[in-house]
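Notes to accompany the following structure.
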Amino acid sequence: MDLIEWGRKACWYLHTEGKLPFHLSYRWTHYLSAGVYIGLLLFLNLLLERGEGDEAWIGRALLERVFLWWRWAAMLFFFTGLNLLHMLYNFPTGNYFDEDKGLWMAVGASLGFASWLVVWFWVWPAQKRHFERWKREGAVAAPLAPRAAAGVRVLTLSLPVLVMGMMAGGHGLTLFSWGWRDVAWTIGVGSGSVAAVYALAARRARVRP
């Protein structure tokens, strides 16, 4: 048996519905990586404001470790979720738009792909250069590069919708049975709530003595 044939048989064995241990462990990997990604994204939101004085108030070594875990969690989160969509609906040729669960998963996968792109090809390159400058100069005015901070804000705005796409379909959630209008409603309410929090935080920062 050649290696390709062995791989095909192994994939068939693991993707069979009766192989509960694999499916369960795979989903937990998806959920665990999601928790790491979301938790560290919320942590990075705490660093959007400038540090005290001219120096960042968080150590560079710690922040480098945060970005290491964060970007690889984003990678694992997206690709395990994409494979789950394939396992359940034979993505990309399946019938996932025919029922609410598949619809929500498709929305979550789309946002997961966009988030992965932003993390790896927008936020991380800018922050990597910022780390190099930080190491070279010994101090920086803010822990996050301006482009990285903008990326963190965009990712946080999309976070409520991403979580809905990940979790809503599994609970049979159909807000008003509107199909794609449910998605539009979720985007408006979810992203609007985060934007309101950002606006309130900025206002409080301006009036702070």
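If you scan the stretch 162-209, which residues turn out to be among the polar types (S, T, N, Q), over 30 Å from Leu47 (Cα atoms) and either modelled with pLDDT of 75 or more or in contact with a helix residue (DSSP H, G or I) (Cβ under 7 Å, 6 or more places away or on another chain) (or both)?
Scanning the stretch 162-209 gives a single hit, Thr174.
Would you mind stating whether Ala145 is crowded, with 18+ Cβ neighbours inside 10 Å, within 17 Å of the chain's Cα centre (by Cα) and farther than 22 Å from Ala34 by Cβ?
Here the answer is no, as Ala145 does not meet what is asked.
Which ones in the stretch 34-60 are small (Gly, Ala, Ser), surrounded by 15 or more Cβ atoms within 10 Å (Cβ to Cβ) and modelled with pLDDT of 90 or more?
Once the filter is applied, which keeps residues that are small (Gly, Ala, Ser), surrounded by 15 or more Cβ atoms within 10 Å (Cβ to Cβ) and modelled with pLDDT of 90 or more, the stretch 34-60 yields only Ala34.
Given the conditions (1) under 19 Å from the mean Cα position of the chain (by Cα); (2) crowded, with 20+ Cβ neighbours inside 10 Å; (3) small (Gly, Ala, Ser), which single one is not true for Ala150?
(2)
Go through the stretch 117-142 and give me each residue that's under 16 Å from Val66 (Cα atoms), under 20 Å from the mean Cα position of the chain (by Cα) and of a type outside the set (S, T, N, Q).
Result: Val119, Trp120, Val123, Trp124, Pro125, Ala126, Lys128.
Go through the stretch 82-110 and give me each residue that's surrounded by 21 or more Cβ atoms within 10 Å (Cβ to Cβ) and in contact (Cβ under 8 Å) with a residue 12 or more places away in the chain.
As a first pass, look at the stretch 82-110 and keep what is surrounded by 21 or more Cβ atoms within 10 Å (Cβ to Cβ): 96, 104-105, 107-109.
Scanning the stretch 82-110 gives Trp104, Met105, Val107, Gly108, Ala109.
Mind checking which residues of the stretch 105-131 are closer than 23 Å to Leu48 by Cβ and among the polar types (S, T, N, Q)?
Ser115, Gln127
Listed here are the residues, each with its yes/no results for (1) modelled with pLDDT under 90; (2) of a type in the set (A, V, I, L, M); (3) in a helix (DSSP H, G or I).
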{"residue": "Lys101", "(1), (2), (3)": "yes, no, yes"}
{"residue": "Val119", "(1), (2), (3)": "no, yes, yes"}
{"residue": "Ala142", "(1), (2), (3)": "yes, yes, no"}
{"residue": "Pro160", "(1), (2), (3)": "yes, no, yes"}
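For Phe77, are the conditions met, namely being crowded, with 16+ Cβ neighbours inside 10 Å, assigned to a loop (DSSP other than H, G, I, E, B) and hydrophobic (A, V, I, L, M, F, W, C)?
no
The values are calculated or read from the model by the stated rules, or taken from the named source; none is laboratory data. The shown structure was predicted, so the numbers you read here are calculated from the model rather than taken from an experiment. Methodologically, a virtual Cβ is constructed for each residue, glycine included, from the backbone with ideal geometry; neighbour enumeration extends over all protein chains shown.
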